[in-house]
Amino acid sequence: MPSLIPTRAFRRPRERVSGLLFAFGVDEFTSSLPTGQSLTVTRGSPRTVYDTQGRVATIAHSQPPWSSVYNAQEGLYEPMLAIEGARSNKCLYSEDFSGASWSAIGTPTRSAARARCGDVVLDLIGDDASGTLEGYSQVVTLSGAAVKTVSFFIKQGTSTSSVVRFRDTTAATNRLLATITWSSGVPSVAITTGVYITAVPCAGGVYRLLFQTTSATAANSNQVELYPATTSALVTTNTGDLLVGGVQVEDSVFPKSYNKTTSGTFSQSGEVVTAAIAWPLQALTVYARIARPTWAGLSGTLFSDRTIVNWNNGGDLYKLQLDAAARTITSAVQSNAGTLRSVSASIPSTSFIDIVAQFKSPTTGAVTNLDVGSGPGADSTATGVFTAMGTTLYIGSISSGGNELDGGIRKLLIASGARTLAEMRGLNV
Amino acid sequence: MTWAVYLNETPLDSLGIYVEDISARYAGVSRSFPQTALPGRQGTVLTADPETQPRILTISGSIDPIARTLAARNTAEDALKVLAYRGLIRVVADDDVTAPRQIDGVCTGLNVTPVVHPMVTQVSRYSATILCPDPTWYDVTSQMIAFSAVASPVPLGSAPTGGIVRIMAPPWSAAVVDPVLTYLNAGGVAIQSMTFTGTLTAGTEYLEVDLDRQTVVEVSSGVSSNAISWLSAGNFFSLDPSDGEPLVSSYPQLQVTATSGTPSATWTGPRRWL
């Protein structure tokens, strides 16, 4: 009697299946993965993201942080999952220069809401008096003596040269002084004091400029100043106007996504993205494609590790992360009774980074290795024997929250066995 | 220039399976129109909306693994069968010129023929027939479009699309009361609107409207609940390129307003192609 195929086989298919253990690609903006998992997002506040045309969109509490990053090489915005830590915008009335917290320098002109970039509104502010320096300033309350960040959205007006300054008026010292000029609608920044990080191209000729100050003294009086028409020497002869909005000052070494303020500061919560996993203990390969973090090009001391993915089961731990202090990508393993063992590689300079990390020999002494495009590196020293996989995958943060990536993930794939970078990068997810 | 075809996540050429043709890849969608003849009249009258037919793709080419052994050929043939018969499969075609497109279907047949004698050849020819119930191709990469009371155009392909709209009350807004989602043509004329009766608390709640599945869900601090009862007027709609002129990049628009509060919204979805 021949054995027939069970009825349940070849059942009418409703969903795709995947041969991978975990297949997360941002292309469909869905939390339901073909490998069966669902992403869970925990964030106790709203925040902003970029849509795929470079406009700012606001998302709600625990709404998945789908966003976009501009791929200059391709000339388009690529989707990504943008995971950030907590912080506050200390600048009040961030889109309204008529707000009570702003002080006029001279008698600048202002036309409200003359441009938009999605949910961000830009005022047209102007200096119409040759012989008088005009602009706006706001005293900002800081916390802790350290490097701060200043950012804002800007679009070319009639002014040929504008200045942003962050000044300690108690010590009469500039913490940031930058001059913005224009060429065919594209800003060019010359820095006198502080650090110019980058200009993020947005929709409609709008750019978000990101700056880092020198170390500020919080106990002193500090203010952000915007001069629509002047030079680094703060000459008074220039006139012209400029579209500006979305001003943000943060107690942070690196600017994060923008949050609008009115009469009070806005505090954004950190976010945790997880997926339930139930894999038997096995060797596997992790592939991540991430946007190169904007902070990767900064010098000096930054902050602690930035997580791409990790799991742990009691003391058995695996993590793939960016070491913000050393500017490296690190793959690490640690068994419950063992020592943390890791391998690292420098963060490549490309705008998108492909990473493959192998997790091997968990039952005899787990090791890991790393390939960021230069070929697989040597295995780490073995840590102890793992007893089980974790049951929760943490994407972009550690299990207790914190150490958020502060960057974007384009793809995260996990496959059984040892795979190469070329293999994993060639998969369509 | 490269040419890559995937079944689900696997590029076929990585298995030594090469695609030479995908018949019906570039064809438009087939449609049939119900008709009836009227007594005393010449010709017929169209009596209902057209019905679209599924797309039948035939993917054909050669199996020629790098190892060039009988065993390697057999392994590649088995791999192709595993991929082709794995539930709902996604065919992705990337010609390295236009944005990659994908279509979902089921394999209804796979013909494999060794070249010359099966015991001596390392090469075989194959032909896989894929039935695609939804005949439209989708962009592999979806879009996210932000909009508010200021309408935003939604770039479309050549076929109508649905997508998912999420409406929220930004933290700097008052609560959004009774939001209205409006679909406008490229000229700004309202085509369809959906009125929702309810209140979205600023920063913590959003309404998720799935235009394809025709569902409405309220998400409050990350917890979802059915909110189809919020829909008090209007109907679900599709975004149709014929409501604009895609040949000159003129597209229909989405807008969200409310009785009070300042709603903000996003639309996510792929461009679809005939």
Checklist outcome for this item: For the range A:236-253, pairs from a residue that is over 20 Å from A:Phe303 (Cα atoms) to a residue that is among the charged types (D, E, K, R) and open to solvent by 30 Å² or more (accessible area, probe 1.4 Å), with Cβ under 7 Å and 6 or more apart or across chains, are A:Thr239/A:Asp128; A:Leu243/A:Arg114; A:Leu243/A:Lys155
Item to check | Residues of the range B:3-31 that turn out to be closer than 19 Å to B:Val97 by Cα, within 14 Å of chain A (Cβ to nearest Cβ) and under 20 Å from the mean Cα position of the chain (by Cα), as a count | outcome: 3
Next on the checklist: Based on this model, can you work out whether B:Gly203 counts as buried (at least 21 other Cβ atoms within 10 Å of the Cβ) and under 30 Å from B:Gln102 (Cα atoms)?
Outcome noted: no
Checklist entry - Are there any pairs with C-beta distances below 9 angstrom linking a residue in the range B:22-33 that is touching a residue at least 40 places away in the same chain (Cβ under 8 Å) to a residue that is among the small types (Gly, Ala, Ser), with the two at least 6 apart or on different chains, and if so which? => result B:Ile22/B:Ser60; B:Ile22/B:Ala93; B:Arg25/B:Ala93; B:Gly28/B:Ser158; B:Val29/B:Ala159
Item to check | Every pair of residues 6+ apart whose Cβ atoms lie under 6 Å, when the first sits in the range B:176-203 and is of a type in the set (Asp, Glu) while the second is surrounded by fewer than 20 Cβ atoms within 10 Å (Cβ to Cβ) | outcome: B:Asp178/B:Thr197; B:Asp178/B:Thr259
Next on the checklist: Condition (residue is hydrophobic (A, V, I, L, M, F, W, C) and under 30 Å from B:Glu245 (Cβ atoms)) applied to the range B:221-230: is it met by at least one residue?
Outcome noted: no
Checklist entry - Going by the structure shown, is A:Phe211 crowded, with 19+ Cβ neighbours inside 10 Å, of a type in the set (Phe, Trp, Tyr) and assigned to a loop (DSSP other than H, G, I, E, B)? => result no
Item to check | Matching residues in the range A:231-254 - criterion: being crowded, with 19+ Cβ neighbours inside 10 Å and charged (D, E, K, R) | outcome: A:Asp241, A:Glu250
Next on the checklist: Condition first: farther than 14 Å from A:Val286 by Cα, in contact (Cβ under 8 Å) with a residue 12 or more places away in the chain and among the polar types (S, T, N, Q). Can you find one or more residues in the range A:363-372 that meet it?
Outcome noted: yes
Checklist entry - From the set of residues in the range A:42-55 that are part of a strand (DSSP E or B) and more than 7 Å from chain B (Cβ to nearest Cβ), which is surrounded by the most Cβ atoms within 10 Å (Cβ to Cβ)? => result A:Tyr50
Checklist entry - Taking into account only those residues within the range A:1-35 that are facing another protein chain (nearest Cβ under 8 Å) and at pLDDT 70 or above, which is most open to solvent (accessible area, probe 1.4 Å)? => result A:Glu28
Checklist entry - If you check B:Asp96 against the conditions, is it within 14 Å of chain A (Cβ to nearest Cβ) and either over 29 Å from A:Glu78 (Cβ atoms) or out of contact with any Gly (no Cβ under 7 Å at 6 or more places or on another chain) (or both)? => result yes
Checklist entry - Within the range B:258-272, can you find the residues that are open to solvent by 40 Å² or more (accessible area, probe 1.4 Å) and farther than 18 Å from B:Ala186 by Cα? => result B:Thr259, B:Ser260, B:Thr262
Checklist entry - Just one of the numbered conditions (1) touching a residue at least 24 places away in the same chain (Cβ under 8 Å); (2) part of a strand (DSSP E or B); (3) farther than 23 Å from A:Gly396 by Cβ is not true of A:Tyr77; which one? => result (3)
Item to check | Wholly enclosed strands (runs of 3 or more DSSP E) of the range B:140-247 bearing at least 3 residues within 11 Å of chain A (Cβ to nearest Cβ) | outcome: B:143-147, B:164-168, B:205-210, B:215-220
Checklist outcome for this item: B:Gly43 vs (1) modelled with pLDDT of 90 or more; (2) open to solvent by 80 Å² or more (accessible area, probe 1.4 Å); (3) in a loop (DSSP other than H, G, I, E, B): all pass except (2)
Item to check | Lone unmet requirement of (1) more than 10 Å from every other protein chain (Cβ to nearest Cβ); (2) without any contact (Cβ under 8 Å) to a residue 40 or more places away in the chain; (3) open to solvent by less than 10 Å² (accessible area, probe 1.4 Å); (4) not hydrophobic (A, V, I, L, M, F, W, C) for A:Gly85 | outcome: (2)
Next on the checklist: Given the condition open to solvent by less than 40 Å² (accessible area, probe 1.4 Å), part of a loop (DSSP other than H, G, I, E, B) and facing another protein chain (nearest Cβ under 10 Å), answer yes or no: does some residue in the range A:100-108 qualify?
Outcome noted: no
Checklist entry - Of all residues in the range B:152-169 being open to solvent by less than 30 Å² (accessible area, probe 1.4 Å) and of a type in the set (A, V, I, L, M), which is nearest to the chain's Cα centre (by Cα)? => result B:Ala159
Next on the checklist: Can you confirm whether A:Arg175 is part of a strand (DSSP E or B) and either surrounded by 19 or more Cβ atoms within 10 Å (Cβ to Cβ) or of a type in the set (Phe, Trp, Tyr) (or both)?
Outcome noted: yes
Checklist outcome for this item: Wholly inside the range A:255-335, strands (runs of 3 or more DSSP E) that include 3 or more residues that are on the phi < 0 side of the Ramachandran plot, among the basic types (Lys, Arg) and surrounded by fewer than 20 Cβ atoms within 10 Å (Cβ to Cβ) are none
Next on the checklist: Looking for something more than 17 Å from A:Leu122 (Cα to Cα), hydroxyl-bearing (Ser, Thr, Tyr), open to solvent by 30 Å² or more (accessible area, probe 1.4 Å) and in contact with a Gly (Cβ under 8 Å, 6 or more places away or on another chain) - is there at least one such residue anywhere in the range A:149-166?
Outcome noted: yes
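The values are calculated or read from the model by the stated rules, or taken from the named source; none is laboratory data. All values derive from a computational prediction rather than experimental measurement. Note: ideal-geometry Cβ built from the backbone for every residue, glycine included; neighbour counts use all protein chains shown. The area values use the complete protein model at the heavy-atom level, side chains included, leaving out ligands, DNA and RNA. Shrake-Rupley method; radii C 1.70, N 1.55, O 1.52, S 1.80 Å.
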